[in-house]
Amino acid sequence: MTPDAFLRSLFARAVEVADPMQSLAAALPPKPEGRVLVIGAGKASARMAEAVEAEWGPCEGFVITRYGYARPCQGIEIVEAAHPVPDAAGEEATKRLLEILATAGEDDFVLALISGGGSALLTAPAGDITLEEKQALTQALLASGAPIGEINGIRKELSAVKGGRLAVAAHPARMLALMISDVPGDDPGDIASGPTVGHTGSAARALAALDAWNVEPPASIRAFLEAGGDPVSPDDPRLSRVENVIYAAPSQSLAAAADLAEERGYHVEILGDSIEGEARDVAAAHAEIAKAAKPGTLILSGGELTVTRRGDGVGGPNAEYALALAIELDGAAGIHAIACDTDGVDGAAEVAGAVIGPETLAKARAAGIDPAEALANNDAHTFFATINDQVVPGPTLTNVNDFRAILVGPKS
């Protein structure tokens, strides 16, 4: 098996173990008696709903997922909307979801299926904030280089559904939220901006974060935050009947990839499943680790990297990491790597990421592409598309964040 094929197989394995059809049943209790409502939001939520009905049979419910990520369900209605920037379809779907939850009574049971992507898909601007203003702010935040935790903290403050408000809408029903983590640290409050988890932040903190990342919000958003927002605290009594359970996380996918590599005789080093930072900076650090590693080593890492947008190219954190890594390695013999988002979408492109090897820079230059210029213009997707080294799995129907593997070969 070539290094390229081996790295792609590791990514496929990481995705496979996080597939709700493989992993959700173990976390699902027996179906309760009485009325059961299944709701959800996120890139994996439709697949999660499919897995629930595989165990429970047809259910009443309503789930919002990303365009292209719908799955056939027996009773649960699946609606698609935009990600990473919210759209009118997401706003209308969220309104319908809240209307459905308003019918839940004390004797009802609500199963909430939450995964990454729910921050954009659950769209209900607070106060007098408009969808257009939320869209503009989201685009600015995504381009700023701010960590996802900071972005989601701001989103919580500006939403009528995040930061525990979805669970409040279901009160007094009993709720179990099953979650797939796509966030560094696996904090339930950060997954999809915590729609079923009380918020520990504040409007003042959100304002400080906007200032720190040089993002000037529309006047209505600044006014809403300056007025203090409308938080739901973790000890709010309306959350007393809510249980939040993370049943799939990045660490499990890295461990599965590590097991596969060890079966093939590789020595595995896992740098961590919650690495954050600027993609090109992390790539530079990882290049040094790879150059110092012994042949036969596989270096794994996960987390969520960011990109500060400086150019007008087409890229994403994983592709930018791969491009920066190739530049730092500068054709180093025997080192190959893959960097992909497990949801199949890197940035806003329908591309998971890319693979690199010792020949990457030479292939690019032969095709008339300057690697340094592509990196400076944040144009990594175009770079890898031109040399045919993209990873394009299509919708993976799950989301446990970034997957990165560096193979130092050959085996000893």
note = For segment 255-412, shape from the Cα gyration tensor axes a ≥ b ≥ c, cut at a/c of 1.5 then a/b versus b/c, turns out oblate
remark   = Listed by chain and number, the residues whose amide H is under 5 Å from that of Glu80, excluding neighbours fewer than 5 places away on the same chain and using placed H, are Thr65
message = Please give me the summed charge of the neighbours of Leu361: other residues whose Cβ is under 11 Å from its Cβ, Lys and Arg +1, Asp and Glu -1.
response = -2
inquiry  = Taking 0.36 nm per residue of sequence separation and subtracting the Cα-Cα distance, how much length would be gained by fully extending the chain between Glu132 and Glu373, in nm to one decimal?
reply    = 83.5 nm
request  = Mind checking the per residue accessible area of segment 31-123 for me, 1.4 Å probe, whole number of Å²?
outcome  = 33
task = Sort segment 109-148 into rounded, prolate or oblate with this rule: let a ≥ b ≥ c be the square roots of the eigenvalues of the Cα gyration tensor; rounded if a/c is under 1.5, and if a/c is not under 1.5, prolate when a/b is larger than b/c, oblate otherwise.
result = oblate
note = Among Leu97, Pro30, Ile246, the residue whose Cα sits farthest towards the positive end of the charge dipole of the chain (+1 at Cβ of Lys and Arg, -1 at Cβ of Asp and Glu, taken about the Cα centre) is Pro30
note = Contact order relative to length for the chain, counting C-alpha pairs under 8 Å separated by 6 or more residues, stands in percent at 17
query = Per residue Cα convex hull volume for segment 320-384, in cubic angstrom?
reply = 70
ask   = How do 232-244, 343-355 rank on mean C-beta neighbours within 10 Å, highest first?
value = 343-355, 232-244
query = Using the per-residue mean of other Cβ atoms lying within 10 Å as a proxy for protection, in what order, highest first, do the peptides 19-31, 185-197 fall?
reply = 185-197, 19-31
Segment 339-412: trypsin sites (Lys or Arg not before Pro) in DSSP loop, at most 16 other beta carbons within 10 Å = Lys411
ask   = How do 39-51, 137-149 rank on mean C-beta neighbours within 10 Å, highest first?
value = 39-51, 137-149
remark   = Computed about the Cα centre, the charge dipole of segment 1-99 from +1 Lys/Arg and -1 Asp/Glu charges at the Cβ has a magnitude in debye, to the nearest 20, of 220
ask   = Where only protein heavy atoms count, and the probe is 1.4 Å, what is the accessible area per residue for segment 167-207 in Å²?
value = 28
request  = Report the residues of segment 222-259 in range of a label on Ala12: point 7 Å along Cα→C-beta, backbone N strictly under 11 Å from it.
outcome  = none
Calculated from backbone phi, Karplus (6.51, -1.76, 1.60) coupling profile of segment 368-377 in Hz, x at Gly/Pro = x, 10, 8, x, 5, 5, 4, 5, 4, 9
note = Summing -39500 (n - 2.57) over every DSSP H run of at least 4 residues in the chain and dividing by its residue count gives a helix-only mean residue ellipticity at 222 nm, to the nearest 500 deg cm²/dmol, of -11000 deg cm²/dmol
Among Ala124, Val268, Ala169 - extreme Cα towards positive end, dipole of the chain, charges at beta-carbon = Val268
message = Give the residue list of GluC sites (Glu not before Pro) in segment 102-210 that are DSSP loop and have at most 16 other beta-carbon atoms within 10 angstrom.
response = Glu106
note = For segment 73-190, the dipole about the Cα centre with charges only on Cβ (Lys and Arg +1, Asp and Glu -1), to the nearest 20 debye, works out at 100
Efficiency of FRET from Cβ geometry, Val392 and Lys294, R₀ 25 Å, rounded to 0.05 = 0.20
remark   = Shape call for segment 59-126, from the Cα gyration tensor axes a ≥ b ≥ c (a/c under 1.5 means rounded, otherwise prolate when a/b beats b/c, else oblate), comes out oblate
Percent carbon-and-sulfur accessible area, segment 17-139, ignoring ligands, DNA and RNA, probe 1.4 Å = 47
task = Write down the accessible area per residue of segment 319-412 in Å², having rolled a 1.4 Å probe over the full set of protein chains.
result = 32
request  = Using the Cα centre as the reference, give the magnitude of the dipole from point charges on the C-beta atoms of the chain (Lys, Arg: +1; Asp, Glu: -1; all else neutral), rounded to the nearest 20 debye.
outcome  = 360
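The values are calculated or read from the model by the stated rules, or taken from the named source; none is laboratory data. What you are looking at is a predicted structure, and each value in this text was computed from that prediction instead of being measured. Please note: Cβ atoms are built from the backbone with ideal geometry, for glycine as well, and neighbour counts cover all protein chains shown. Remember, those area values only see protein heavy atoms, side chains included, never the ligands or the DNA or RNA. Shrake-Rupley method; radii C 1.70, N 1.55, O 1.52, S 1.80 Å.
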